[in-house]
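This report concerns only the one structure given below.
The values are calculated or read from the model by the stated rules, or taken from the named source; none is laboratory data. Keep in mind the model is a prediction, meaning the values are calculated, not measured. In this analysis, Cβ positions are derived from the backbone assuming ideal geometry, glycine residues included, and neighbour counts consider all displayed protein chains. Only protein heavy atoms, including side chains, enter the accessible area calculation; ligands, DNA and RNA are left aside. Shrake-Rupley method; radii C 1.70, N 1.55, O 1.52, S 1.80 Å.
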Amino acid sequence: MILAHFYESGEDTLRLTVSGHAGYGDGGADIVCAAVSGIFYALAGYLANSEFKANIRAARSGFADIECSRGGEEAMKQACIGLLQIQLSYPGTVNVSNSLWSWKLGKPG
């Protein structure tokens, strides 16, 4: 299972840590892992090209960690919603822990 955790890691710092593997498909061909990776790398790319202070602490198979200033909160929210939607669509593969925001989500479509 993939564990994604959004939290404050300092007075003005937000952080996302992602670990594990979905186990939905074969290694290297797991669509859930690919979707989660895509969201993480899109977030990292956006933050790296923005004026917000961002620090990609790790990005390797099975573990990713990024933090940013509070200015990047909207991007972090979008990533959180995307991961929650994957959690809803593929039960038992992703668990999102979020101590920052709360939403009521439904399956898309």
For Glu67, indicate whether it is touching a residue at least 40 places away in the same chain (Cβ under 8 Å) and out of contact with any helix residue (DSSP H, G or I) (no Cβ under 6 Å at 6 or more places or on another chain).
yes
Lone unmet requirement of (1) part of a loop (DSSP other than H, G, I, E, B); (2) open to solvent by less than 30 Å² (accessible area, probe 1.4 Å); (3) out of contact with any Ser or Thr (no Cβ under 9 Å at 6 or more places or on another chain); (4) modelled with pLDDT of 95 or more for Ala79:
(1)
From Asn49, Asn55, grab the single residue that is open to solvent by 40 Å² or more (accessible area, probe 1.4 Å), among the polar types (S, T, N, Q) and touching a strand residue (DSSP E or B) at 6+ places or on another chain (Cβ under 7 Å).
Asn55
Of all the residues that make up the range 58-70, how many are open to solvent by 70 Å² or more (accessible area, probe 1.4 Å) and charged (D, E, K, R)?
2
Considering only residues that are surrounded by 13 or more Cβ atoms within 10 Å (Cβ to Cβ) and either in contact with a Phe, Trp or Tyr (Cβ under 8 Å, 6 or more places away or on another chain) or at positive phi (or both), which ones fall in the range 18-43?
Val18, Ser19, Gly20, Ala22, Gly23, Tyr24, Asp30, Ile31, Val32, Cys33
Looking at Val36, Val32, which one is in a helix (DSSP H, G or I), of a type in the set (A, V, I, L, M) and in contact (Cβ under 8 Å) with a residue 60 or more places away in the chain?
Val32
Please go through the range 85-104 and pick out each residue that is open to solvent by 30 Å² or more (accessible area, probe 1.4 Å) and outside any loop (DSSP other than H, G, I, E, B).
Gln85, Gln87, Leu88, Ser89, Asn95, Ser97, Asn98
